[in-house]
Structure formats: C-alpha cells, structure tokens
Amino acid sequence: MNAKKRVGSVFAVLLVIVLLLVAASTVAANVMFANDRVPKIGSYYLYLHDSADMEPDIPQNTLVVAKEAGNTSLSPGNKVLCYLADGNMALRVIYQITLNEDGSTSYYPGTAIEQGSELTIPRTNIFAICTWQSQALYEYVTFAASVSGLMLLLVLPCVILIIMLLIKIYRSSSEEMDEEEYLFEGEEEEEEPKPRRKKRQSPLYEPGQAPEDEETLEKKKSSISKNFATKPVNENSPYQKAVQERTMKFQAVSAQQGSESQREEGGTQIFTPQNPESKDTPTTPYQPKHAQDSAPLPEPEKVPEPPRSQTPNIDDIIKPTELAAARPGTKPNKNIRATDSIDDLIAALEKEKNKL
C-alpha cells in the first residue's frame, strides 16, 4: 500500500508540473507573437518565416532564431534579418557586398529564388544574423495562437488542475475525519476502570511491620533535609524592615504601659461603678426589700488621696513613646527608660555623657 501511494503521489506531482508548463508556454506564445511581432529574448530574435523563397536552406513555416548582429562583420551567403529599402522587415540572404568610392559599403539582399531585384541597403539596416531554425516550434506557436489550441493547451490543463486540487482537499478532509473516529474508538476501548486507592498506612512503626529499604529511607532523609533546612534571612528585605518597625512600635507601647503601671504604684485607686443617670450618686449593691427596711445603708468609706511628689513627673512633660524611641538600627537605653522623674532623667543623661 505504501509503495502504491508513493507511485501515485509521484505521478500526480509530475502531471501537475507538465500541465503547468503547458499552460504557461501557451500563455507566453500568445503574448509574445501577438500582432505579428518579432519578440526578443536576451540577444536573440524569434522570427516566424512562412514563405518558401529561402528553400532549401530555410524551409517554409519555420521559426528562425537570429542573434543580434551589432558590429559583426558579414560575408556573402549570410542569412540576416534586415529592413529593405522600402522599410519592410524580411528574412534575406546577402549575396554580394561592394565598397563604394566614398568609403561606404553596399549590401545586396535577395532570396534563394530571386536576386538582383531589390535595392542595396546600408549596414545599419541589418540587425540580426540567423543561427538556428525549427519547424516544430513554428507549428506549436501557430497552434497555441488558434482557438482550438487555447482550449486544448490552456483551458483543459487549468480544469484538470482544479479537479485535482478539489480531490486532494476532499481526501485530506476524509482522512482527518477517519483519524478522529479511529482515535475516539481507540480511546473508548482503552478506557479501563481506575485502580482503587491503597489504604494509607499509619506513620508509626509497628513491630509486625516490615522495615523500609535503605534507599527509600535515604530519599526521605534527603527530601526532609532539603525542605526543612534553615534558610538564610535577608535583613534588607522589605518584610524584615517591616518586622523591625513593628518590633520598635511594640517596645514603645510596652514602655508606655510600664511607665503607667509604675505611676499607679504610688497609691491604690478604687473604681466604683456609677449610675449612668446620675454621676454624683454612687451605686450600691442590690439588697432585698426586707433588708432595706430593717437595716440602714452603710456609708461609703473615704479613700485617702495618694501624696503628690514635689518634683514633677517625667510623664507630664515627655511622652513615653518619645522617651523610648530611638534611631532605626539602635537599641533604646534601659537606664533612661527606667527614669520616673526629670531629676532621674538628668542624672541618667549625665552618666551617659561621662561614659562618652
């Protein structure tokens, strides 16, 4: 099957190439030889000679290929393409060349049948020298220019190419559909019930359980060491900077709370709940009605106020957060943070100054 397909594909490719060449050559022949023109390809002229006046050297109905003459020297017997004295272009043979008294050269054109009936022509009227001829090409060009030739050599190859293209498209689409159906059927056949999941074994070791292989243990150890090893911390990262700022704020808040607790140690304050309706009258615990009628209410004891220090407190002047604050990257001084009054603060500052 594969060999037959290859032979068929090679034959199809060759047929396409031949049909394209035939169609292209037909179009070129009709374009080049339209209106009895003499086309030029490179330095060669193509001339259709349809008379018998040059036989037997050049037979009738022959395509003649003539090379551009330029300054090539001529000799009697050369077949040339030239313009005659009356201005018409024709294929002639130079049978005689004469040199005039004024230095000019005269060329005598003629045919193989008749000579001496035409006037002489100058060298400039001769533009090509015949080098090759073919009757088959003449027949092909004339047939390609006819109506029957156009139908057979141009229209028919184009129709065949279109049909081959449509067949190719149809075959490729049908093959794709067959492949999709085959794949779909194969997938249905290959589908099998999924295996059940194995029960997870307990991670704890049991005496009756077989020990694992050394390779698996080594793999587990290596994976644990890779995934749970300590990793270096980048202290300059934004996260670490944010953590440091939060730590400093927490220290400041804790210092403020410590100063407030130290300030409250000077005296015991008793807070009693008050009635939201009257701020002046203190509230009393609930008692039953018979107790209220029988016994009088005790008077609330007066709490003595704590003695005030003669020296002002440092919290009245400087906020604890400002006292505990320090530049980023430096630790706050514990001696300064532990001061409660301005005198203690001045003494602590003097000690730090003496250290410096």
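Other residues lying with their Cβ under 14 Å from the Cβ of residue 112 contribute a combined charge of -3, Lys and Arg counting +1, Asp and Glu -1.
Give me the percent of the accessible area of segment 3-108 that comes from carbon and sulfur atoms, probe 1.4 Å, all protein chains in place.
Within segment 3-108, the accessible surface is 57 percent carbon and sulfur.
Around the Cα centre of segment 1-124, unit charges on the Cβ atoms of Lys, Arg, Asp and Glu (plus for the first two, minus for the last two) sum to a dipole of about 1220 debye.
What order, most packed first, do the peptides 58-70, 4-16, 154-166 have when packing is the mean number of other Cβ atoms within 10 Å of each residue?
Most protected by this proxy first, the peptides run 58-70, 154-166, 4-16.
Summing charges over neighbours of residue 142, with a neighbour being any other residue whose Cβ is under 15 Å away from its Cβ, gives -2 when K and R count +1 and D and E count -1.
The values are calculated or read from the model by the stated rules, or taken from the named source; none is laboratory data. Everything numeric in this text was worked out from a predicted model, so none of it was measured. In this analysis, Cβ positions are derived from the backbone assuming ideal geometry, glycine residues included, and neighbour counts consider all displayed protein chains. SASA here: full protein model, heavy atoms, side chains in, ligands and nucleic acids out. Shrake-Rupley method; radii C 1.70, N 1.55, O 1.52, S 1.80 Å.
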